[in-house]
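Below is one structure; the comments refer to it alone.
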Amino acid sequence: MLPQALLLVTKKETKINPRIMKKICWMLLVSALCLGTVAQLKSPEQFLGYKLGERYSPHFKVVSYFQHVAQQSPDMVRLEQYGETNEGRPLLLAYIASKENFTNLEKIRQNNLRLANAAADKAAPVEEAPAIVWLSYNVHGNETSSSEAAMLTLYELVNPNNARSSTSLKNTVVIIDPCINPDGRDRYVNWFNTVVGKKANAYPAAREHAEPWPRGRSNHYYFDLNRDWAWQTQTETQQRMVKYNQWLPQVHVDFHEQGYNEPYYFAPAAEPFHEVITPWQREFQTMIGKNHAKYFDANGWLYFTKERFDLFYPSYGDTYPTYNGAIGMTYEQGGIGSGRAVVTEDGDTLTLYDRLMHHFTTGISTVEITAQHAGKVVTEFRKYFNAAIQAPAGEFKSFVIKNDGTDRIERLKTLLDRNSIDWYYAPAASLNGLNYFTGKAEAFKTVMADVVINMNQPKSNFIKVLFERTSKLSDSATYDITAWSVPFAYGLNAYGVSSYINGGSKTAPPVATTLQAPLPFNATFAYAIKWNGMSSAKLLAALLQKGVKVRYAEQAFKVAGTEFDKGTLLVTKAANYGLGSQLETIVKTAASDAGTAAVAVPSGFVEKGFDIGSDRVRTIQTPKVALIAGNNVSSLGFGEIWHFFELQLNYPITIINADDLARINLGDFNVLIFPDSYTDLLTDKNKSEELKSWVRKGGKIIAIESAVTQLSRGDWGLKLKSSGDEKTDKKDDYSLIRKYENRERDWLVNSTPGSIYKLELDNSHPLAFGYSTDYFTLKQDDNVYEFMSGGWNVGVIKKDNYISGFTGSKAKERIKDGTLIGAMEMGRGTVVFFADNPMFRSFWENGKLLFCNAVFLAGQ
């Protein structure tokens with residue numbers, strides 16, 4: 001139906017000049033077409049065929065609705081697929097702007113990078129620009145209400161009848177990622193839709209509220225994508241961060257859910273705030289929170305602020321944007337495990353509709369308050385990045401990362417590049433700086449292969465956070481780990497320098513080599529591969545899968561004038577006689593693919609060390625690996641290992657549920673990996689005896705974190721050190737008197753949320769090949785094991801080996817004088833254990849070779 005204004009014109013059409021009449025007809029036609037276009041824009045309910053909240057929308061329906069809105073509003077919405085998940089689901093961004101701003105979207109993006117001093121050109125930015133608001137939904141797959149809210153948010157932003165949105169879009173550009181984790185979302189939604197009845201059952205103990213292992217929180221490889229923003233180990237993060245760093249929004253919101261008994265949480269955040277967070281970033285969080293409170297108060301909705309969710313660990317969806325100039329925030333709706341409806345502990349019924357409406361309200365409120373203060377938001381954004389270059393925070397003006405000749409430096413450069421951090425190769429120079437590994441100021445020399453990072457760049461605050469040796473905590477009650485310093489995580493020594501370092505180059509220096517000229521195949525006795533990084537492990541994995549027999553040297557040796565360290569891999573022609581001349585092609589191709597070198601040596605007679613034919617050169621038995629999964633196994637710990645084998649090492653494994661282990665033939669495997677887990681397989685007498693028998697016949701168990709605790713409880717020859725907190729007979733023990741108001745903080749004295757400690761390594765043992773005598777571990781508990789008399793104490797912690805991060809006073813007293821990495825021989829087999837996780841979130845790069853040693857070398 002035409003609007004009344006147009007109907008009035010048509011009543012007088014007989015009195016109008018034919019030429020004017022023709023013009024009016026064209027206007028009517030155009031208006032009708034425009035109205036038809038508006039009429040075709042459907043609300044989520046009209047498009048989906050059900051009211052939001054009545055059921056869960058699978059990811060493909062969320063995608064379809066975003067496509068619909070983009071098609072019907074081409075002058076306000078652009079939809080972009082920026083990648084896809086491991087399971088092939090699309091990853092999308094929707095760009096929403098007023099019609100005027102939409103035509104200049106690319107200019108706005110480029111200008112925003114100029115505001116951040118991050119543009120390729122050096123043109124002056126325009127500060128009278130719209131603010132960029134980025135809304136990220138459903139990073140945890142089973143926190144499902146937010147993707148439902150995303151559809152309603154998109155609709156109301158472009159709804160021509162929504163005057164508030166039209167006003168907000170004059171001063172903002174909104175970017176929506178409707179689902180960061182589609183694989184996890186669909187895992188949950190598909191499960192829920194198969195178990196829910198015709199009507200939702202709100203009884204908390206009903207089946208639909210008991211999500212099975214591994215649950216939908218994580219992505220395909222069971223990684224928590226909300227801990228991956230900085231490290232970018234996962235394909236979803238890697239693809240998303242390319243786009244994020246191409247825009248650098250002023251405001252970013254990460255929508256979450258928490259336990260369903262909790263009220264809604266929004267900014268301002270809790271302490272600790274990292275010291276690089278600016279007064280303006282704090283202030284605007286409060287302004288945003290007050291705007292939300294206005295709407296929540298009007299509706300009688302409960303909420304809380306300034307509690308629990310801090311701004312410290314750098315790899316969250318609130319902290320990463322914050323350390324990159326934005327106002328970064330987490331919004332948390334109660335809802336995990338609530339299905340479509342659940343009765344809370346207060347006796348209220350929380351519905352999916354309630355949850356999505358709360359998220360919708362804060363999303364729109366965020367856009368509104370940002371638009372109202374867009375000028376100030378953009379001005380402060382500009383100040384932030386000017387200060388980043390002109391007066392970077394922290395005591396150091398530059399960092400030098402020493403090249404240790406392994407591939408660790410290449411992995412570090414990948415991290416820097418993914419985060420748009422500028423670096424270059426060092427000039428040869430003599431400098432003074434703080435040695436990260438010793439904690440002492442000293443003179444040192446750079447070589448051209450070292451990496452330099454100067455702090456006068458847009459990312460300087462983020463660099464400070466990643467590289468600071470010791471972080472300052474304003475509050476010890478944190479939500480995550482408190483230490484992550486990149487040099488320790490990568491096992492690369494670094495120096496903090498108080499001045500900028502000039503004269504470097506982006507051109508890689510020539511690789512110095514003492515290797516002899518390549519030998520022809522007929523003059524080659526063996527191929528030697530240095531064992532010093534992931535590239536070496538990838539090469540070994542490839543060779544074993546090709547049926548190549550590989551050995552490793554227990555001692556360092558010298559042959560044909562070239563020095564090789566212990567752990568060096570050796571591929572002899574004699575042991576691989578059946579491959580003939582193909583051996584050369586196999587070895588060289590595998591070496592090239594792995595990014596390392598295989599050196600042809602002319603003789604088995606060595607100039608120093610043991611000859612290649614010695615029994616000190618061990619044959620590597622091809623690992624046939626089984627990885628334990630299922631109930632009572634940490635899905636995150638499991639996922640780190642699964643991802644490592646499949647996507648980093650490219651080596652096959654078999655995944656077995658813990659409950660099925662008794663039904664399989666253990667003889668089909670020679671390596672059994674227990675991730676962080678609390679299964680009774682290692683403690684139950686009958687089950688553990690079966691495993692011990694398998695080990696004695698030549699099997700190998702690799703236990704990590706809590707699985708090691710299970711070993712200590714199951715009579716495997718490992719003992720957990722006493723905590724020293726056993727009860728005494730003292731009747732006047734005043735330590736038992738506590739204040740009720742401190743009940744949530746009393747536990748901090750025993751807490752180790754994530755701190756770095758130095759271990760001393762026995763690098764003569766194969767478990768520590770490729771390392772110096774030191775290793776830095778990330779400790780998340782106070783478990784330390786007694787020194788073993790019948791096993792190998794490969795990684796031990798002594799007194800005063802604390803490096804950084806928060807450790808409670810009582811916990812710190814316990815973390816000393818014990819074993820954290822070890823190997824126990826049992827018959828013909830071996831049990832290897834890591835008390836701390838060497839694969840933590842896949843960003844603890846320095847632990848990966850230790851794990852490879854456990855799989856391929858230890859116990860041979």
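Scanning region 70-106 for residues that are surrounded by 15 or more Cβ atoms within 10 Å (Cβ to Cβ), over 16 Å from Ile132 (Cβ atoms) and of a type in the set (Lys, Arg) yields a single hit, Arg89. When the criteria are applied in full, Arg207 fails the requirement of being of a type in the set (Lys, Arg) and open to solvent by less than 10 Å² (accessible area, probe 1.4 Å). Do we have any residue at all in region 415-432 that's open to solvent by less than 10 Å² (accessible area, probe 1.4 Å), modelled with pLDDT of 95 or more, farther than 30 Å from Glu236 by Cβ and not in a loop (DSSP other than H, G, I, E, B)? Checked against the condition, which is being open to solvent by less than 10 Å² (accessible area, probe 1.4 Å), modelled with pLDDT of 95 or more, farther than 30 Å from Glu236 by Cβ and not in a loop (DSSP other than H, G, I, E, B), region 415-432 yields no hits at all.
Conditions (1) among the charged types (D, E, K, R); (2) under 29 Å from Ala393 (Cβ atoms), marked per residue:
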residue: Arg215; (1), (2): yes, no
residue: Arg227; (1), (2): yes, yes
residue: Thr233; (1), (2): no, yes
residue: Gln238; (1), (2): no, yes
residue: Val242; (1), (2): no, yes
residue: Asp254; (1), (2): yes, yes
residue: Gln285; (1), (2): no, yes
residue: Ile288; (1), (2): no, yes
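Scanning region 234-250 for residues that are of a type in the set (D, E, K, R) and buried (at least 19 other Cβ atoms within 10 Å of the Cβ) yields a total of 2.
The number of residues in region 598-620 that are within 16 Å of Pro520 (Cα to Cα) and buried (at least 18 other Cβ atoms within 10 Å of the Cβ) comes to 4.
Quickly run through region 661-697 and pick out the residues that are outside any helix (DSSP H, G or I) and crowded, with 18+ Cβ neighbours inside 10 Å. Within region 661-697, Phe669, Asn670, Val671, Leu672, Ile673, Phe674, Pro675, Asp676, Ser677, Thr679 meet the criteria.
Quick one: is Asp733 open to solvent by less than 70 Å² (accessible area, probe 1.4 Å), acidic (Asp, Glu) and modelled with pLDDT of 95 or more? Steps first, answer last, please.
Working: open to solvent by less than 70 Å² (accessible area, probe 1.4 Å): yes; acidic (Asp, Glu): yes; modelled with pLDDT of 95 or more: no.
For Asp733, the condition - open to solvent by less than 70 Å² (accessible area, probe 1.4 Å), acidic (Asp, Glu) and modelled with pLDDT of 95 or more - is not met.
Only residues that are open to solvent by 20 Å² or more (accessible area, probe 1.4 Å), touching a helix residue (DSSP H, G or I) at 6+ places or on another chain (Cβ under 9 Å) and part of a helix (DSSP H, G or I) were counted across region 53-69, and they come to 3. Determine if region 116-133 includes at least one residue that is within 20 Å of Phe66 (Cα to Cα) and in contact (Cβ under 8 Å) with a residue 60 or more places away in the chain. Scanning region 116-133 turns up at least one residue that is within 20 Å of Phe66 (Cα to Cα) and in contact (Cβ under 8 Å) with a residue 60 or more places away in the chain.
Conditions (1) assigned to a helix (DSSP H, G or I); (2) farther than 30 Å from Lys697 by Cβ; (3) at pLDDT below 95; (4) of a type in the set (Val, Ile, Thr), marked per residue:
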{"residue": "Leu767", "(1), (2), (3), (4)": "yes, no, no, no"}
{"residue": "Phe776", "(1), (2), (3), (4)": "no, yes, no, no"}
{"residue": "Asn783", "(1), (2), (3), (4)": "no, no, no, no"}
{"residue": "Val796", "(1), (2), (3), (4)": "no, no, no, yes"}
{"residue": "Glu813", "(1), (2), (3), (4)": "yes, yes, yes, no"}
{"residue": "Glu825", "(1), (2), (3), (4)": "no, no, no, no"}
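What's the total number of residues in region 541-560 that are open to solvent by 10 Å² or more (accessible area, probe 1.4 Å) and either among the small types (Gly, Ala, Ser) or not in a helix (DSSP H, G or I) (or both)? The number of residues fulfilling the criteria is 10. Taking Ile756, is it outside any helix (DSSP H, G or I), touching a Leu at 6+ places or on another chain (Cβ under 8 Å) and open to solvent by less than 70 Å² (accessible area, probe 1.4 Å)? The answer is yes for Ile756.
Against the definition (closer than 23 Å to Val196 by Cβ and hydroxyl-bearing (Ser, Thr, Tyr)), how does Thr322 come out, yes or no?
Details: closer than 23 Å to Val196 by Cβ: no; hydroxyl-bearing (Ser, Thr, Tyr): yes.
Judged against the criteria, Thr322 is not a match.
Selection of region 209-250 for residues being assigned to a helix (DSSP H, G or I), among the basic types (Lys, Arg) and under 20 Å from Thr144 (Cα atoms) yields Arg227, Arg240. Among the conditions (1) among the polar types (S, T, N, Q); (2) farther than 20 Å from Gly328 by Cα; (3) over 27 Å from the mean Cα position of the chain (by Cα), Thr379 misses just one, which is (2).
Considering (1) without any contact (Cβ under 8 Å) to a residue 60 or more places away in the chain; (2) in contact with an Asp or Glu (Cβ under 7 Å, 6 or more places away or on another chain); (3) closer than 24 Å to Thr819 by Cβ, the lone condition that Asp676 does not fulfil carries the number (1). Of the strands (runs of 3 or more DSSP E) lying entirely inside region 251-358, those carrying at least 2 residues that are modelled with pLDDT of 95 or more and buried (at least 17 other Cβ atoms within 10 Å of the Cβ) are 251-259, 327-336, 341-343, 349-351. Farther than 26 Å from Phe645 by Cβ, modelled with pLDDT of 95 or more and not hydroxyl-bearing (Ser, Thr, Tyr): does that describe Gln555? Spelling it out, Gln555 is indeed farther than 26 Å from Phe645 by Cβ, modelled with pLDDT of 95 or more and not hydroxyl-bearing (Ser, Thr, Tyr).
Among the residues of region 522-536, which ones are farther than 17 Å from Ile586 by Cβ and either among the β-branched types (Val, Ile, Thr) or assigned to a helix (DSSP H, G or I) (or both)? Answer for region 522-536, where residues must be farther than 17 Å from Ile586 by Cβ and either among the β-branched types (Val, Ile, Thr) or assigned to a helix (DSSP H, G or I) (or both): Ala523, Met534. Got at least one residue in region 438-450 being among the charged types (D, E, K, R) and open to solvent by less than 10 Å² (accessible area, probe 1.4 Å)? Yes, because at least one residue in region 438-450 is among the charged types (D, E, K, R) and open to solvent by less than 10 Å² (accessible area, probe 1.4 Å).
Restricting Ala393, Ala388 to residues that are in contact (Cβ under 8 Å) with a residue 40 or more places away in the chain, closer than 30 Å to Val133 by Cα and part of a helix (DSSP H, G or I) narrows the list to Ala388. Taken across region 367-375, residues that are open to solvent by 20 Å² or more (accessible area, probe 1.4 Å), small (Gly, Ala, Ser) and assigned to a helix (DSSP H, G or I) do occur, with at least one present. Scoring Glu368 on the criteria (1) over 29 Å from the mean Cα position of the chain (by Cα); (2) free of Cβ contacts under 8 Å to residues at least 40 places away in the same chain leaves a single failure, condition (2).
The values are calculated or read from the model by the stated rules, or taken from the named source; none is laboratory data. In this text, all values refer to a predicted model and were calculated from it rather than measured experimentally. Please note: Cβ atoms are built from the backbone with ideal geometry, for glycine as well, and neighbour counts cover all protein chains shown. Remember, those area values only see protein heavy atoms, side chains included, never the ligands or the DNA or RNA. Shrake-Rupley method; radii C 1.70, N 1.55, O 1.52, S 1.80 Å.
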